[in-house]
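Engineer: Following this message is one structure expressed as structure tokens.
The values are calculated or read from the model by the stated rules, or taken from the named source; none is laboratory data. Not measured: the values here are computed from a predicted model. Please note: Cβ atoms are built from the backbone with ideal geometry, for glycine as well, and neighbour counts cover all protein chains shown.
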Amino acid sequence: MMDLLGILQVSGSGLSAERTRIQTVSSNIANAQTTRTADGAGPYKRKVPVFSAVEMGDRFGGVLGAKLAQPLVTDVIEDARPGEFVLDPSHPDADPNTGYVEMPNVVVVSEMVDMVSASRAYEANVTAISATKNMALKALEIGK
């Protein structure tokens, strides 16, 4: 049986992971039209958070407790898919020979779906924390 602090730790790590996911999606949306990065190395590349997997051992609680101390998001990597090429000879980043501009590999509609999904998961973790708090308060009332 998991104690109340364990439940709060699980929800807290979920909040942290979803916050990272929302920040990553926000960055992707903000740079959806960025054809040249600050270092001049071509268009912005979509970022994707990498979540770590929790391996299940013999005892769920022991494994979960050990994994809670580690961050759930282990890295944020660039998506390797190529961007779309758009014909715009007047654009400053257009290829002088062809007139095509490589756009970022960000699909705003997909990013918005990811944003809604992350937002709902964040809300679910907040609800779990609230329910845990209410259970603790009820347990204290019973103990009076």
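Engineer: Within segment 76-89, can you find the residues that are outside any loop (DSSP other than H, G, I, E, B) and not acidic (Asp, Glu)? Steps first, please.
Structural biologist: Start the filter on segment 76-89 by keeping residues that are outside any loop (DSSP other than H, G, I, E, B), which leaves 76-78, 85-87.
Val76, Ile77, Phe85, Val86, Leu87, listed by residue number.
Engineer: Search segment 37-95 for residues being closer than 24 Å to Arg21 by Cα and of a type in the set (S, T, N, Q), and hand back the single one that is modelled with the highest pLDDT.
Structural biologist: Per the stated criteria, the residue is Thr37.
Engineer: Condition first: assigned to a helix (DSSP H, G or I) and touching an Asp or Glu at 6+ places or on another chain (Cβ under 6 Å). Can you find one or more residues in segment 134-142 that meet it?
Structural biologist: Applying the first criterion (assigned to a helix (DSSP H, G or I)) to segment 134-142 yields 134-142.
Those still in the list that are touching an Asp or Glu at 6+ places or on another chain (Cβ under 6 Å) too: none.
Scanning segment 134-142 turns up no residue that is assigned to a helix (DSSP H, G or I) and touching an Asp or Glu at 6+ places or on another chain (Cβ under 6 Å).
Engineer: Of everything in segment 116-144, what is among the hydrophobic types (A, V, I, L, M, F, W, C), more than 14 Å from Val10 (Cα to Cα) and touching a helix residue (DSSP H, G or I) at 6+ places or on another chain (Cβ under 9 Å)? Give them in sequence order. Steps first, answer last, please.
Structural biologist: Looking only at segment 116-144, we keep the residues that are among the hydrophobic types (A, V, I, L, M, F, W, C), and these are 116, 118, 121, 124, 126, 128-129, 131, 135-137, 139-140, 142.
Then keep just the ones that are more than 14 Å from Val10 (Cα to Cα); that gives 116, 118, 135-137, 139-140, 142.
Once the filter is applied, which keeps residues that are among the hydrophobic types (A, V, I, L, M, F, W, C), more than 14 Å from Val10 (Cα to Cα) and touching a helix residue (DSSP H, G or I) at 6+ places or on another chain (Cβ under 9 Å), segment 116-144 yields Ala118, Met135, Ala136, Ala139.
Engineer: Right, something else. Six or more apart or on different chains, Cβ under 9 Å: which pairs go from a residue in segment 36-64 that's small (Gly, Ala, Ser) and in a loop (DSSP other than H, G, I, E, B) to one that's modelled with pLDDT under 90 and surrounded by 11 or more Cβ atoms within 10 Å (Cβ to Cβ)? Could you list them?
Structural biologist: Ser52/Lys67; Ser52/Pro71; Ser52/Leu72; Ser52/Val73; Ser52/Thr74; Gly57/Val63; Gly57/Ala66
Engineer: Let me ask another. Looking at Glu141 and the list (1) under 24 Å from Ser16 (Cβ atoms); (2) modelled with pLDDT under 90, which single condition is not satisfied?
Structural biologist: Answer for Glu141: the failing condition is (1).
Engineer: (1) over 30 Å from Ser16 (Cβ atoms); (2) free of Cβ contacts under 8 Å to residues at least 12 places away in the same chain: which one isn't true of Val116, the others all being true?
Structural biologist: Among (1) over 30 Å from Ser16 (Cβ atoms); (2) free of Cβ contacts under 8 Å to residues at least 12 places away in the same chain, the lone unmet condition for Val116 is (1).
Engineer: If you don't mind, another one. Can you pull out every residue in segment 10-49 that is of a type in the set (Asp, Glu) and under 18 Å from Glu123 (Cα atoms)?
Structural biologist: So the first thing to find is which residues in segment 10-49 are of a type in the set (Asp, Glu), and the list is 18, 39.
Within segment 10-49, just Glu18 meets the criteria.
Engineer: When the residues of segment 90-125 are filtered to those that are in contact with a Ser or Thr (Cβ under 8 Å, 6 or more places away or on another chain) and assigned to a helix (DSSP H, G or I), which remaining residue is surrounded by the most Cβ atoms within 10 Å (Cβ to Cβ)?
Structural biologist: Looking at residues that are in contact with a Ser or Thr (Cβ under 8 Å, 6 or more places away or on another chain) and assigned to a helix (DSSP H, G or I), I get Asn125.
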